[in-house]
Amino acid sequence: MALRYEYAVETEDLAKYYVMGPVTVRALDGVSVKIRRSEYLSIMGPSGSGKTTFFNMVGGLDRPTRGKVFIDEVDIASLDAYELAWLRAKKIGYIFQTFNLIPVLTALENVTLPMVFTGVEREERLRRAREMLTRVGLGERLDHKPGELSGGQQQRVAIARALVNDPVIVLADEPTGNLDLHTGLEIINLLKTLNTEKKVTIINATHDLKMIDVSDRIFWLRDGKIERIETRAEVAVKEVE
Amino acid sequence: MSGEEGVKFPLSEAFSFSLESIKRRFGRALVTMASIVLGISFLTFLLTTGRIVSVLYGEGSGVAVQFYQLWMAVIALLICSVGIVNSMLMSVTERYKEIGTMKCLGAMNTHVLEIFLIEALLLGLIGGGIGAVAGWTIATVWQAFTQASPINIFMVSASLWTEFNVTNPLLLLANPLIAIALSVIIALLAALAPAYIAAKLSPTEALRYEV
Ligand SMILES: Nc1ncnc2c1ncn2[C@@H]1O[C@H](COP(=O)(O)OP(=O)(O)O)[C@@H](O)[C@H]1O
Ligand SMILES: [Mg+2]
């Protein structure tokens, strides 16, 4: 049994500035939050509020201008390239608005890819990928290329890929952004089910209000700052009022 | 972190990934390979023809002919290189997004570099092989039809494969095996710069790139 930390993610005064000539864009400006294990968290905010920037910083995909990110109580700025790659391969699963599947690989091969980097044997890789794809409802589509799948199906492949290594955290950036209402809802519910079943922490950047219903907490982001933090109950009460 | 933690991407995985990538992007591979095949076959054709003629008519065909041949060979290699650099550049840039994704899944810079260099190596080997055999065959058959003694021509031409004459650069180059090695080197050099730039991209930079 691995050590269990209370917080999967902690940020301390996290900031990212983009300097473009005379203009400095404060994409993220002093965000300090704690995200518990197994929590389903949504980062809500209008376009340009810094959601993707937060996603990139927490995911170890880009370096902050200021502040710190702790994953399982480890400051990710202290990781070398080798450890950072391991963090991305094993501890974090990423889901993107544009799915980002490898176009020439089949659904099955796409899902096996993260296990290549964590050194899982070929047979075991295939077995787990098949199992995971079946779990997300694509057991019949294993050998299809992304181009032969609908948007919703591609996002299911991406979800299977994000979860197949049993990560601590799944980071999703507008996972329903390219999907119609109905398909979006299916994806939201799938993420919620996996969150409950696998106890995986889900951090969801979105401006899709449908997400509120499944979120444990909601961080409202505006101009790179946390405006307020609400639990689902608090949001629900407000709706009634 | 404990000892067993750490990303892996053994050479065998890199190799099969590159091979699959070539197979499944065969159109792109053909474009890259076409310039290699053309350049190397032209080079081999010139040098094989030159060798046959100089053996048949004696080495006295003169410095001018040799100079002319070398000049043509250089042109052939230049054309071939420009074509390869161009298609390598395109095949790397159109995969920026894929590189970003791979990095999110645990790929390190060296792994990305490995994938592209192995692809270049394979393309150089296959393209160079086809080019050398084609150039040599065309030159041999051509001479056999137009010159006096086909058997003699075939013997001269066949001997090129085993001849490693290091004293004369032109003779050395006339060996089709050297032409294949040259092809691999050119392909690797052409891929090196774009692959290095791609490998160094941060995941976010690579992902932002839309084709
Ligand atoms: N690479 C970049 N260079 C310059 N500005 C950027 C870059 N990435 C994001 N920004 C700016 O940072 C702000 C926040 O962007 P982003 O995090 O993408 O917001 P969101 O995902 O909430 O729409 C925006 O004003 C955006 O224009
Ligand atoms: Mg965004």
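The values are calculated or read from the model by the stated rules, or taken from the named source; none is laboratory data. Note that the structure is a prediction, hence the values are computed from the model and not measured. Because the Cβ atoms are built from the backbone with ideal geometry, glycine has one as well, and the counts that use them run over all protein chains shown. Side chains are part of the model used for accessible areas, which takes the heavy atoms of the whole protein and leaves out ligands, DNA and RNA. Shrake-Rupley method; radii C 1.70, N 1.55, O 1.52, S 1.80 Å.
By the helix-only formula, in which each DSSP H run with n ≥ 4 contributes -39500 (n - 2.57) and the sum is divided by residues, the protein assembly as shown has a 222 nm mean residue ellipticity of -18500 deg cm²/dmol. By how many degrees, between 0 and 90 and to the nearest 10, does the Cα long axis of helix A:151-163 differ from the longest principal axis of chain A? It works out to around 80 degrees.
Computed from label points 7 Å out along Cα-Cβ, the spacing between B:I197 and A:D213 is 4.8 nm. Accessible surface buried by the B/A pair amounts to about 2600 Å², both sides summed, 1.4 Å probe.
Would you mind telling me the antiparallel percentage of the DSSP bridges in the protein assembly as shown, rounded to 5? Restricted to the protein assembly as shown, the bridges split so that about 55 percent are antiparallel. For the stretch B:99-142 and the stretch A:75-101, what is the separation of their Cα centres, given in Å? Each part reduced to its Cα centre gives a spacing of 29 Å. Net charge near A:D29: determine it from the other residues with C-beta under 14 Å of the C-beta of A:D29, scoring Lys and Arg +1 and Asp and Glu -1. Taking every Cβ under 14 Å from that of A:D29, the sum is +2. Given a 1.4 Å probe and the protein chains as shown, A:E131 ends up with an accessible area of around 110 Å². All C-alpha to C-alpha distances of the protein assembly as shown, sorted into 10 Å bins beginning at zero, yield P(r) values of 4, 18, 24, 19, 12, 9, 7, 4, 1, 0, 0 percent in whole numbers. Computed from the Kirkwood radius of its Cα pairs, the Stokes-Einstein diffusion coefficient for the stretch A:1-118 at 10 °C and 1.306 mPa s stands at 99 µm²/s.
Taking the Cα centroid of the stretch B:145-197 and of the stretch A:106-151, what is the distance between the two, rounded to the nearest whole Å? Each part reduced to its Cα centre gives a spacing of 44 Å. With springs connecting C-alpha atoms under 10 Å apart, model chain B as a Gaussian network and identify which of B:I180, B:I75, B:I84 has the largest mean-square fluctuation. Maximum among the listed residues: B:I75. Between B:V133, B:V184, B:V141, the GNM of chain B built on Cα springs shorter than 10 angstrom shows B:V141 fluctuating the most.
Would you be so kind as to list the residues of the stretch B:89-105 that have their accessible area lowered by at least 10 Å² in the full protein complex compared with their chain by itself (1.4 Å probe)? Buried by the other chains: B:K97, B:E98, B:T101, B:M102, B:K103, B:C104, B:L105. Structural size metrics of the stretch B:13-208, computed from C-alpha coordinates, are Rg and Dmax of 19.8, 66 Å.
Out of all Cα-Cα pairs in the stretch B:112-211, roughly what percent, to the nearest whole number, are more than 18 Å apart? Counting pairs separated by more than 18 Å, the tail of P(r) holds 61 percent.
Below 8 Å between Cα atoms, with a sequence gap of 6+, how large is the relative contact order for chain B in percent?
Relative CO of chain B lands at 35 percent.
Could you report the stretch B:13-208's accessible area per residue, 1.4 Å probe, as an integer in Å²?
Accessible area per residue: 45 Å².
Membrane-span-like helices in chain B (whole DSSP H runs, Cα extent of at least 30 Å along the helix axis, mean Kyte-Doolittle hydropathy of at least -1.0): B:26-57, B:62-93, B:109-146, B:176-200.
For the stretch B:13-208, carbon and sulfur atoms together expose 78% of the accessible surface, with a 1.4 angstrom probe and every protein chain in place. Quick one: with all protein chains in place, what share of the accessible area of the stretch A:100-241 is carbon or sulfur, to the nearest percent (1.4 Å probe)? Whole-percent figure for carbon plus sulfur exposure: 50. Considering only Cα-Cα distances, which of the following residue pairs are longer than 20 Å: A:K34/A:K68; A:K34/A:K91; A:K91/B:K103; A:K51/A:K198? Table pairs above 20 Å Cα-Cα are A:K51/A:K198.
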